[in-house]
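**Q** To start, I am sharing the structure in question, which I have written as structure tokens.
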Amino acid sequence: MNKPIKEIRGQDTHELQSQLKDLRKEQFELRFRGAAEGAGTQRRRQIRRTIARILTVLGDRTAQAASAQSGDKQ
């Protein structure tokens with residue numbers, strides 16, 4: 001599930017928010033399972049990085065929308 005940034009940028013905002021929710025749920029589950037078993041470190045790393053990529057794209061989109069709105073008001 002390690003997605004490149006170009007693939008993430010190609011998805012719409014609703015899909016990204018849904019995927020972010022699923023990844024955070026999986027991350028939460030791995031945290032508890034990992035504490036008991038001591039495994040899954042590679043998957044946790046992939047999830048953490050994919051979450052960061054999604055948040056970056058969502059933040060860029062929010063910033064672009066805000067700048068577009070402020071440009072329209074002037």
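Only the coordinates and a few stated rules stand behind these numbers; no lab work does. This structure is a prediction, so every number in the text was calculated from the model and none was measured. Here the Cβ positions follow ideal geometry from the backbone for every residue, glycine too, while neighbour counts run over all protein chains shown.
**Q** Candidates (i) 19, 12, 10; (ii) 24, 13, 11; (iii) 32, 11, 9; which is the computed semi-axes √(5λ) of the Cα gyration tensor in Å?
**A** Correct label is (iii).
**Q** Relative to the longest principal axis of the C-alpha atoms of the chain, give the angle of the C-alpha long axis of helix 41-73, reported between 0 and 90° and rounded to the nearest 10°.
**A** Taking the Cα atoms of the chain, the angle to 41-73 is about 10 degrees.
**Q** Would you mind computing, in nm to one decimal, how far apart the modelled labels at D12 and R33 are, each placed 7 Å from Cα along Cα→Cβ?
**A** Output for this residue pair reads 3.1 nm.
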